[in-house]
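Right, one structure below, let's go through it.
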């Protein structure tokens, strides 16, 4: 997003149909009335569903009740935050699980499409390549519920195909979805299955943009195929990797919680319960609005800090950044 | 270049093709299994005698589901939520993106910044829920359609696309007497068809597949979309056959997955091109 740059450039260009800096707001609104009217529904959307909820974060510092509303509810300062960090025995576990699922995600799910894109690129037959690509995109279009449903039915201890296979091979049947030590593997595994193919699209686009003369030059320098892969193809993908890395960090705090809600159960809370699932249970199911909002605010602030920090670090070490 | 390939290079090709075949199997097997299981005999599935191909083929599970009015209600709900949201979303997003593409429009920068900020920070689940509740939208279609109506990514993609359209065309239309709205509807939108189709498809698939907003905002069974129905049958294990009847308990689940997935898989080959295009235009994960 080159928001900043393009706007800075525009400032220099004499504006079309624009009376200059001195024009009053009222004049501008009138002059471009139709344009502003076109934007109105969209702006209302942002106000109602994005900015009003931000204002609603105030209830994190109140004992909010629906009857009294935001203006009438009692202000309690940081009490809910103290409640969470000091008096909630699970607080540490929730934070640890959120972080660990992200670590797994970055270690295993993130590199998968990079490797696959490299392999796709090396396929010689164009037809075969296109076929494999199309097939690998398929899972991306399945819903979270379908993926979770497949996991639940396939992993079922008594009737699932995975356990049937295990028992034929002489292993014990395992209640995979009831064991905390399996949860992260199941979660990340299903994520890889669903996203690896689709994830290659941007990398393949980056590869297509690599200057072919670089390969020629590498060949002349005596680089073999693997060296070309490493030093030309892989290097060509770095900008996309950086952007996707920052974007992934942007979702750090809400890591796939919709899928977690479908896959977890009290037996696996030990590793599966993350901040967002906790917020859902406390806020929606138990209607503990203020407390859940406080936890949510903590989560949002950390998420915000992470993206800004990641973008800053990336900017410092390379030309690529999100803004 | 006809130099003889090195042994290592040819070995790599062979390994690569092998890996790709494994990949195809891994991607397709679960779907084939789900379908095979859905048309097999329940006992065969439960005891693991269905591995790849269906055994003792029967449509009993589908008959049960087809005879269940809840399925049709939820199917209809999903269709109308998807259609209404896709239409409104394209309309509102493009109408907002068009003025934002006018570089000389005062206030443009502020609006863009405020929109971009929502990508990084938001009120979160509970305050949004309270807004939806306060607006009286709970248990209505609008609770599903409105809270996710405009995607900031799509807004920016459209704006970038509109910026790239030749201004001469719009100027010519204005000289011919078209007003701003007419220029937008008759010139800009028809020229932007590829981007509208891509974004429309993404919005539609997203809505078709989504379940969480419905879980949050809908309590009325009559309003449930397909995905919630699917979740209740497979994950929460609710029994659509009535208490105690477990004749088709496993095959029903597979049949339900198939029913929810088939529409997407049917249109997939025809629209894949647009999806890939869309993913490229946006430079984002769909």
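From the list B:10, B:80, which residue is more than 30 Å from residue B:148 (Cα to Cα) and out of contact with any strand residue (DSSP E or B) (no Cβ under 6 Å at 6 or more places or on another chain)? Outline the logic, then answer.
Numbers: B:80 fails: more than 30 Å from residue B:148 (Cα to Cα).
Just a single option satisfies the conditions, and that option is B:10.
Residues checked against (1) modelled with pLDDT under 50; (2) at the interface with chain B (Cβ under 7 Å from one of its Cβ atoms):
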{"position": "A:4", "(1), (2)": "yes, no"}
{"position": "A:8", "(1), (2)": "yes, no"}
{"position": "A:15", "(1), (2)": "yes, yes"}
{"position": "A:18", "(1), (2)": "yes, yes"}
{"position": "A:31", "(1), (2)": "no, no"}
{"position": "A:34", "(1), (2)": "no, yes"}
{"position": "A:41", "(1), (2)": "no, yes"}
{"position": "A:52", "(1), (2)": "no, yes"}
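For region A:80-97, name all the residues that are without any contact (Cβ under 8 Å) to a residue 12 or more places away in the chain and part of a helix (DSSP H, G or I). Step through it out loud before you land on a result.
Our first condition is that a residue be without any contact (Cβ under 8 Å) to a residue 12 or more places away in the chain; within region A:80-97, this holds for A:82, A:85-89, A:91-92, A:96.
If the condition is that a residue be without any contact (Cβ under 8 Å) to a residue 12 or more places away in the chain and part of a helix (DSSP H, G or I), then A:82, A:85, A:86, A:87, A:91, A:92, A:96 are the ones that fit.
Go through B:184, B:202 for me and flag whichever is in contact (Cβ under 8 Å) with a residue 24 or more places away in the chain and under 26 Å from residue B:122 (Cβ atoms). Talk me through it step by step, then tell me what you get.
Working: B:184 fails: under 26 Å from residue B:122 (Cβ atoms).
None of the other options fit; the residue is B:202.
Looking at region B:202-220, which of its residues are surrounded by fewer than 20 Cβ atoms within 10 Å (Cβ to Cβ) and either modelled with pLDDT under 90 or not in a helix (DSSP H, G or I) (or both)?
B:219, B:220 - these are the residues of region B:202-220 that are surrounded by fewer than 20 Cβ atoms within 10 Å (Cβ to Cβ) and either modelled with pLDDT under 90 or not in a helix (DSSP H, G or I) (or both).
Would you mind stating whether residue B:185 is within 10 Å of chain A (Cβ to nearest Cβ) and part of a helix (DSSP H, G or I)?
no
Does region A:308-319 contain at least one residue that is crowded, with 22+ Cβ neighbours inside 10 Å, assigned to a helix (DSSP H, G or I) and either more than 9 Å from chain B (Cβ to nearest Cβ) or modelled with pLDDT under 90 (or both)? Walk me through how you get there before you give the answer.
Our first condition is that a residue be crowded, with 22+ Cβ neighbours inside 10 Å; within region A:308-319, this holds for none.
No, region A:308-319 has no match at all.
Tell me, which helices (runs of 4 or more DSSP H) wholly within region A:98-188 include 2 or more residues that are without any contact (Cβ under 8 Å) to a residue 24 or more places away in the chain and touching a helix residue (DSSP H, G or I) at 6+ places or on another chain (Cβ under 8 Å)?
Numbers: elements: A:112-122, A:126-137, A:144-155, A:161-168.
Because the criterion is at least 2 residues that are without any contact (Cβ under 8 Å) to a residue 24 or more places away in the chain and touching a helix residue (DSSP H, G or I) at 6+ places or on another chain (Cβ under 8 Å), the helices (runs of 4 or more DSSP H) in region A:98-188 that meet it are A:126-137, A:144-155, A:161-168.
Any idea which of A:119, A:71, A:48, A:40 is at negative phi and assigned by TED's automatic domain parsing to the domain that holds residue A:289? Walk me through it before giving the result.
Values: A:71 fails: assigned by TED's automatic domain parsing to the domain that holds residue A:289; A:48 fails: assigned by TED's automatic domain parsing to the domain that holds residue A:289; A:40 fails: assigned by TED's automatic domain parsing to the domain that holds residue A:289.
Sole residue among the options that is at negative phi and assigned by TED's automatic domain parsing to the domain that holds residue A:289: A:119.
Of all residues in region A:215-272 being without any contact (Cβ under 8 Å) to a residue 60 or more places away in the chain and part of a loop (DSSP other than H, G, I, E, B), which is nearest to the other protein chains (Cβ to nearest Cβ)?
A:224
Could you go through region B:266-279 and let me know if any residue there is assigned to a loop (DSSP other than H, G, I, E, B), modelled with pLDDT under 85 and either at positive phi or within 8 Å of chain A (Cβ to nearest Cβ) (or both). Steps first, answer last, please.
Taking region B:266-279 first, the residues assigned to a loop (DSSP other than H, G, I, E, B) are none.
Scanning region B:266-279, I find no residue that is assigned to a loop (DSSP other than H, G, I, E, B), modelled with pLDDT under 85 and either at positive phi or within 8 Å of chain A (Cβ to nearest Cβ) (or both), so the answer is no.
From B:152, B:160, B:128, B:118, grab the single residue that is at negative phi and out of contact with any helix residue (DSSP H, G or I) (no Cβ under 8 Å at 6 or more places or on another chain). Talk me through it step by step, then tell me what you get.
Values: B:152 fails: out of contact with any helix residue (DSSP H, G or I) (no Cβ under 8 Å at 6 or more places or on another chain); B:128 fails: out of contact with any helix residue (DSSP H, G or I) (no Cβ under 8 Å at 6 or more places or on another chain); B:118 fails: out of contact with any helix residue (DSSP H, G or I) (no Cβ under 8 Å at 6 or more places or on another chain).
B:160 is the lone residue from the list that is at negative phi and out of contact with any helix residue (DSSP H, G or I) (no Cβ under 8 Å at 6 or more places or on another chain).
Scan region B:119-149 residue by residue and report those that are assigned to a loop (DSSP other than H, G, I, E, B) and either facing another protein chain (nearest Cβ under 8 Å) or closer than 20 Å to residue A:247 by Cα (or both). Talk me through it step by step, then tell me what you get.
Filtering region B:119-149 down to residues assigned to a loop (DSSP other than H, G, I, E, B) leaves B:121-124, B:135-141, B:146-149.
Across region B:119-149, the qualifying residues are B:121, B:122, B:123, B:124, B:135, B:146, B:147, B:148, B:149.
Could you grab me the full set of residues in region A:136-164 that are surrounded by fewer than 18 Cβ atoms within 10 Å (Cβ to Cβ) and more than 8 Å from every other protein chain (Cβ to nearest Cβ)?
Correct list: A:157, A:162.
What's the number of the only condition in (1) within 7 Å of chain A (Cβ to nearest Cβ); (2) part of a helix (DSSP H, G or I); (3) free of Cβ contacts under 8 Å to residues at least 60 places away in the same chain that residue B:106 fails to meet?
Residue B:106 satisfies all of (1) within 7 Å of chain A (Cβ to nearest Cβ); (2) part of a helix (DSSP H, G or I); (3) free of Cβ contacts under 8 Å to residues at least 60 places away in the same chain except (2).
Please count how many residues of region B:143-165 are crowded, with 19+ Cβ neighbours inside 10 Å and over 16 Å from residue B:112 (Cβ atoms).
Qualifying residue count, region B:143-165: 6.
The values are calculated or read from the model by the stated rules, or taken from the named source; none is laboratory data. Predicted model only: the values in this text are computed from it and were never measured. Note that each Cβ is placed from the backbone with ideal geometry, even for glycine, and that neighbours are counted across all protein chains shown.
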